Amino acid sequence: MPRTSESVTYLVETALNELLQNVVEHAESPTDAVVLARWYKQDKNVRIAIADSGIGFAESLRRNPRNASVYSDANLVRRAITEEGTTGRPSGRFGGLGLKNLYQVCLHREGSVHVSSRTVDASFRMGKESDLFVPELDGTTLEVDFRPGPETEPRADSEPEDFF
Amino acid sequence: MTRLRVQDACPSSRVFREDGRVLREAIEKSWSDGELLELDFGEAIIASISFLDEGVASLFFDYDAELIRRRLKIVGITEDDRRQLNALVAKRRAQRTAA
């Protein structure tokens, strides 16, 4: 059964908040970020991309000593997208959730997350992951796309019980 | 009953994890077993996983759910934010159980 649908605007707003927050808190970008968003009417697909000229995704994650032992930039970026708790914020106990949640939104709505940042160029989608190494590009471009509406891919976990 | 408006606790921004930390501290300062604290979102759309998690859901990692039920009531939250918050609460409760 698909989960109840959040409104389209809520999903888009949540995605934008998480992506922008990432830039403001971690990118150390000397210039403003550029946001591109498009609604593909025929495919019923939303695509949002945000690009900055900062220190790069992996470098920002390495500002947290807990990530220092992860040798590969690609592995570190993969962990930040797909696993909870990987964050560049050295303080605090609860970080590293926003991008993982955004990944889940995309994963269960026929979407994907794409990261291009310095030596990493990686795509994450249901059942598929790909990464390749590219010549160094400044900054980070994070791109997400999904079909707003009910989830189309079933989740392994059950619908949580409402507390509030 | 004591009322805490999210807008008053975090007047300038309700997006970042740091904003959420400010809200959580305000909640912990205001609540008690003697009186229910009503946390009022004022029907404003939050749409920030980080803020909702750090501000409210993270309490469920550190406190028993029954204690929170006695002390905290949420009002004026939009349906989308309520759904998001409940998912985050379930996650933090599960982590507390596993810890």
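The values are calculated or read from the model by the stated rules, or taken from the named source; none is laboratory data. The structure displayed is predicted, hence computed values, not measured ones. Every residue, glycine among them, receives a Cβ derived from its backbone with ideal geometry; neighbour counts consider all protein chains shown.
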Note to self: Regarding segment B:6-18, can at least one residue be identified that is outside any loop (DSSP other than H, G, I, E, B) and under 20 Å from A:N22 (Cα atoms)?
What the structure shows: yes
Item checked: Among residues of segment B:73-86, those that are surrounded by fewer than 20 Cβ atoms within 10 Å (Cβ to Cβ) and hydrophobic (A, V, I, L, M, F, W, C), counted -> 2
Notebook entry, point to check: From the list A:L11, A:L20, A:L36, A:L16, which residue is surrounded by 20 or more Cβ atoms within 10 Å (Cβ to Cβ) and at negative phi?
Noted result: A:L11
Notebook entry, point to check: With respect to the numbered conditions (1) surrounded by 22 or more Cβ atoms within 10 Å (Cβ to Cβ); (2) modelled with pLDDT of 90 or more, which one is the sole condition not fulfilled by A:R62?
Noted result: (1)
Item checked: Sole exception among (1) outside any helix (DSSP H, G or I); (2) crowded, with 19+ Cβ neighbours inside 10 Å; (3) touching a Phe, Trp or Tyr at 6+ places or on another chain (Cβ under 7 Å) for B:V89, by number -> (1)
Check: How many residues are in contact with a helix residue (DSSP H, G or I) (Cβ under 9 Å, 6 or more places away or on another chain), among the charged types (D, E, K, R) and surrounded by fewer than 16 Cβ atoms within 10 Å (Cβ to Cβ) if we restrict to segment B:19-46?
Finding: 4
Check: Out of segment A:65-74, which residues are surrounded by fewer than 21 Cβ atoms within 10 Å (Cβ to Cβ) and touching a helix residue (DSSP H, G or I) at 6+ places or on another chain (Cβ under 9 Å)?
Finding: A:N67, A:V70, A:S72, A:A74
Notebook entry, point to check: Which one is nearest to the other protein chains (Cβ to nearest Cβ) among residues in segment A:100-126 that are of a type in the set (K, R) and in contact (Cβ under 8 Å) with a residue 40 or more places away in the chain?
Noted result: A:R109
Notebook entry, point to check: Looking at (1) crowded, with 23+ Cβ neighbours inside 10 Å; (2) closer than 20 Å to B:E38 by Cβ; (3) facing another protein chain (nearest Cβ under 8 Å), can you tell me which one B:I49 breaks?
Noted result: (2)
Next item on the list: Scan segment A:44-73 for residues that are farther than 23 Å from A:A15 by Cβ and assigned to a helix (DSSP H, G or I) and jot them down.
Entry: A:E59, A:P65, A:R66, A:N67, A:D73
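Looking only at residues in segment B:52-68 that are among the charged types (D, E, K, R) and more than 8 Å from chain A (Cβ to nearest Cβ), which one is surrounded by the most Cβ atoms within 10 Å (Cβ to Cβ)?
Looking only at segment B:52-68, we keep the residues that are among the charged types (D, E, K, R), and these are B:53-54, B:62, B:64, B:66.
Add one more test, that the residue is more than 8 Å from chain A (Cβ to nearest Cβ), and what stays is B:62, B:64, B:66.
Values: B:D62: 13, B:D64: 11, B:E66: 8.
If we take residues in segment B:52-68 being among the charged types (D, E, K, R) and more than 8 Å from chain A (Cβ to nearest Cβ), then B:D62 is surrounded by the most Cβ atoms within 10 Å (Cβ to Cβ).
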Checklist line | Condition broken by B:D33, with the remaining ones in (1) closer than 25 Å to A:T14 by Cβ; (2) in a loop (DSSP other than H, G, I, E, B) satisfied | finding: (1)
Notebook entry, point to check: Do we find that B:E43 is under 18 Å from A:G95 (Cα atoms), modelled with pLDDT of 95 or more and either more than 10 Å from every other protein chain (Cβ to nearest Cβ) or in contact with a Leu (Cβ under 8 Å, 6 or more places away or on another chain) (or both) in this structure?
Noted result: no
